[in-house]
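Taking it in order: structure first as structure tokens, then the write-up.
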Amino acid sequence: MGEWSFLGDFLEKVHKHSTVVGKVWLTVLFIFRMLVLGTAAESSWGDEQSDFMCDTQQPGCENVCYDKAFPISHVRFWVLQIIFVSTPSLVYMGHAMHTVRMEEKRKMKEAEMEARENKNGGDTYYQQKCSVAEKETKLSGWDEAGGQIILRGSLLNTYVYSILIRTAMEVAFIVGQYVLYGIFLETLYICQRAPCPHPVNCYVSRPTEKNVFIVFMLAVAVLSLFLSLAELYHLGWKKAKERCSRSYKASPSTAPGRLESAPQAERAQMYTPPPDFNQCLSSPNGKFISPFSNKVASQQNTANFATERVHGQEDAAGEGPFMKSSYVESPEVASECAAPAFPESYFNEKRRLSKASRASSKARSDDLSV
Amino acid sequence: MDWGTLQTVLGGVNKHSTGIGKIWLTVLFIFRIMILVVAAERVWGDEQQDFVCNTLQPGCRNVCYDHFFPISHIRLWALQLIFVSTPALLVAMHVAYTRHEKRRRLRNGEKIDIEELKNERIHIRGPLWWTYTSSIFFRIVFEAVFMYVFYYMYDGYQMPRLVKCEAWPCPNTVDCFVSRPTEKTTFTIFMLAVSGICMMLNLAELCYLVIKVCMKESRKTTVLK
């Protein structure tokens, strides 16, 4: 496994910033693919050529028959599969790190601006913060308190694309394996290729053991594919649901999702927002509004803005948050306008609030530490 | 072969690289070094054992193998990776020297936190820019040279299945059969493709650095005007 440490180190970082399903997928990759490949499969295929026997004395016939039977060894094929399937996650990781750096730069600029604003007085306070916040909607994805990246906007798109590419790679390699070798290895391989003088019987080494591993690796590949599809479904369904809910609602009611993350302390403030506050909120990037407010809208009188928001938060607690923080609409404006990104304590508060908690499983940061 | 040491050294350089430099480093480690260690070394593992010649003449097989494979692909790739990584050491040395100078100056003046100095990200400006750019240039040159050496030594990038050997002490033209030619061709082409990608990344990084400096200069001249 030491040889896999290069890839392993990178994927550990990806693990930290993945969704729950993503973490399960990574665990499956580490344990059932890399570890099994490195320890068991390698030794099983170790003597694949030396013990590939052909019923001939013609020099060179065994070589060419082995080459014809196994254009690329199963083990190498699986190594390439693991690497290609992991690569999209690395691309996402690169984007996430880039986002983090941008966020750090933004915070520095914001601190400077705040210092300047405090000198000039608070008249233009909200406008300034809102304009900063609007800029932030594109860049921000970093929850400082929780140390996690929040998926929204372009980062979420990268994540979705990475899963799509990963799925495509998985399918390609499964199909490729089927095309190259079928499913099972036969014990006997009949070979006709120069310099073999006639069709020659060749015998594969350890066919049963190899078949066991082939079936195992195929099953794990299918499981990984299923997990990727589940993750896509989870992401896509939420998005579609939210789009539908938006088409039913009037525009002010689109705001609740953005305010989900408001800590209790600031809620009173938000019940009577200042005029430009709504202006901040009405510039949606609009990709992932709270998926839970759909239910809310159908059940509640949407005239009461504040009540809707509170219930939106309760529903959010019931659905099981997305990675460590919950699914928020991408233009989650800055703390000065709405709320900061989720602090740890916020989740605990939400849980206390929702008495009839529908949560079956909540994502915790150390869910699946490998 | 212990590539971990290389990873430690290059990891340090990574902190002061551009974004493209970081991508290059990732590609280097995952698609080249890892593939070399995990996959390619196994494929070429039995290259001499299973190099079979249609002769009973003792020594003929040895001589023919040596004639057709003066230096194994694996060793060539290892050399290529080392040469291509080495220019980054220039950058590391320059950074270390800059830090040393800073520390010396500050020791004479005010006190500063040593840890902070160690972790400070040094921007690519001035003499460091020249070191960095020349390291990228050398990287490109080494990549190109090794790609050509592969092409020249093995007459292209395909591994033949059958080679005809006439070297002494083989009594006549002898058929020799290479072990796993298809798999070897696959990996040769894969490594070639990744070398090409690395070269493109290096070129892009070089262009980026040059353009950045040109833009800075043009901004300076407009400000002065």
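Kindly check whether there is at least one residue in the stretch B:62-84 that is polar (S, T, N, Q) and within 14 Å of chain A (Cβ to nearest Cβ).
At the first step, the residues of the stretch B:62-84 found to be polar (S, T, N, Q) are B:62, B:72, B:80.
Right, trim to within 14 Å of chain A (Cβ to nearest Cβ) and you get none.
No: the stretch B:62-84 contains no residue that is polar (S, T, N, Q) and within 14 Å of chain A (Cβ to nearest Cβ).
Among residues of the stretch A:174-187 that are in contact (Cβ under 8 Å) with a residue 40 or more places away in the chain, those with a Cβ under 6 angstrom from a residue that is surrounded by 14 or more Cβ atoms within 10 Å (Cβ to Cβ) and in a helix (DSSP H, G or I), sequence gap 6+ or separate chain, pair up as A:ILE174/A:ALA221.
Could you go through the stretch B:175-186 and let me know if any residue there is among the aromatic types (Phe, Trp, Tyr) and touching a Gly at 6+ places or on another chain (Cβ under 9 Å). Scanning the stretch B:175-186, I find at least one residue that is among the aromatic types (Phe, Trp, Tyr) and touching a Gly at 6+ places or on another chain (Cβ under 9 Å), so the answer is yes.
Has the stretch B:201-224 got any residue that is in a loop (DSSP other than H, G, I, E, B), modelled with pLDDT under 95 and not aromatic (Phe, Trp, Tyr)? Reasoning before the result, please.
Let us first name the residues in the stretch B:201-224 that are in a loop (DSSP other than H, G, I, E, B), namely none.
Checked the stretch B:201-224: no residue is in a loop (DSSP other than H, G, I, E, B), modelled with pLDDT under 95 and not aromatic (Phe, Trp, Tyr).
Could you please find all residues in the stretch B:166-200 being outside any helix (DSSP H, G or I) and within 12 Å of another protein chain (Cβ to nearest Cβ)?
Taking the stretch B:166-200 and keeping what is outside any helix (DSSP H, G or I), we get B:166-180.
Passing the criteria: B:VAL174, B:ASP175, B:CYS176, B:PHE177, B:VAL178, B:SER179, B:ARG180.
Of the helices (runs of 4 or more DSSP H) lying entirely inside the stretch B:34-133, the ones with 1 or more residues being modelled with pLDDT of 85 or more are found at B:60-68, B:73-108. Residues that are in a helix (DSSP H, G or I) and surrounded by 20 or more Cβ atoms within 10 Å (Cβ to Cβ) within the stretch A:33-63 comprise A:ARG33, A:MET34, A:LEU37, A:ALA41, A:CYS61, A:GLU62, A:ASN63, listed in sequence order. Would the stretch B:42-53 turn up any residue that is buried (at least 18 other Cβ atoms within 10 Å of the Cβ), within 7 Å of chain A (Cβ to nearest Cβ), in contact (Cβ under 8 Å) with a residue 24 or more places away in the chain and farther than 20 Å from A:TRP78 by Cα? The answer is yes, given that some residue of the stretch B:42-53 is buried (at least 18 other Cβ atoms within 10 Å of the Cβ), within 7 Å of chain A (Cβ to nearest Cβ), in contact (Cβ under 8 Å) with a residue 24 or more places away in the chain and farther than 20 Å from A:TRP78 by Cα.
Quick one: count up the residues across the stretch A:32-57 that are at the interface with chain B (Cβ under 8 Å from one of its Cβ atoms) and out of contact with any helix residue (DSSP H, G or I) (no Cβ under 8 Å at 6 or more places or on another chain). The number of residues fulfilling the criteria is 1. Residues in the stretch A:1-24 that are over 17 Å from A:LEU80 (Cβ atoms) and among the acidic types (Asp, Glu) were compared, and the one that is nearest to the other protein chains (Cβ to nearest Cβ) is A:ASP9.
Taking the stretch A:146-166 as the range and being modelled with pLDDT of 90 or more, farther than 13 Å from A:GLY94 by Cβ and surrounded by 20 or more Cβ atoms within 10 Å (Cβ to Cβ) as the test, the residues that pass are A:ILE163, A:ARG166. Checked against (1) free of Cβ contacts under 8 Å to residues at least 40 places away in the same chain; (2) away from chain A (no Cβ under 11 Å); (3) not in a helix (DSSP H, G or I), B:HIS16 passes all but condition (1). Screening A:ALA96, A:ALA115 for residues that are more than 10 Å from chain B (Cβ to nearest Cβ), of a type in the set (A, V, I, L, M) and buried (at least 21 other Cβ atoms within 10 Å of the Cβ) leaves exactly one candidate, A:ALA96.
Within the stretch A:3-15, identify whether any single residue is out of contact with any Cys (no Cβ under 9 Å at 6 or more places or on another chain) and not in a helix (DSSP H, G or I), and answer yes or no. Within the stretch A:3-15, none of the residues are out of contact with any Cys (no Cβ under 9 Å at 6 or more places or on another chain) and not in a helix (DSSP H, G or I).
Restricting attention to the stretch B:133-185, the residues that are aliphatic (A, V, I, L, M), without any contact (Cβ under 8 Å) to a residue 60 or more places away in the chain and farther than 30 Å from B:LEU89 by Cβ total 2. Give the stretch A:62-85 a look and list any residue that's more than 9 Å from chain B (Cβ to nearest Cβ) and in contact with a Ser or Thr (Cβ under 8 Å, 6 or more places away or on another chain), or say none. Of everything in the stretch A:62-85, just one residue is more than 9 Å from chain B (Cβ to nearest Cβ) and in contact with a Ser or Thr (Cβ under 8 Å, 6 or more places away or on another chain), namely A:VAL85. From (1) more than 10 Å from every other protein chain (Cβ to nearest Cβ); (2) assigned to a loop (DSSP other than H, G, I, E, B), pick out the condition that doesn't hold for A:LEU29. Here A:LEU29 meets the rest and fails (2).
The values are calculated or read from the model by the stated rules, or taken from the named source; none is laboratory data. Predicted model, so just to flag it, every value in this text is computed and none were measured. All Cβ positions, even for glycine, are placed from backbone atoms using ideal geometry, and neighbour counts span all protein chains on display.
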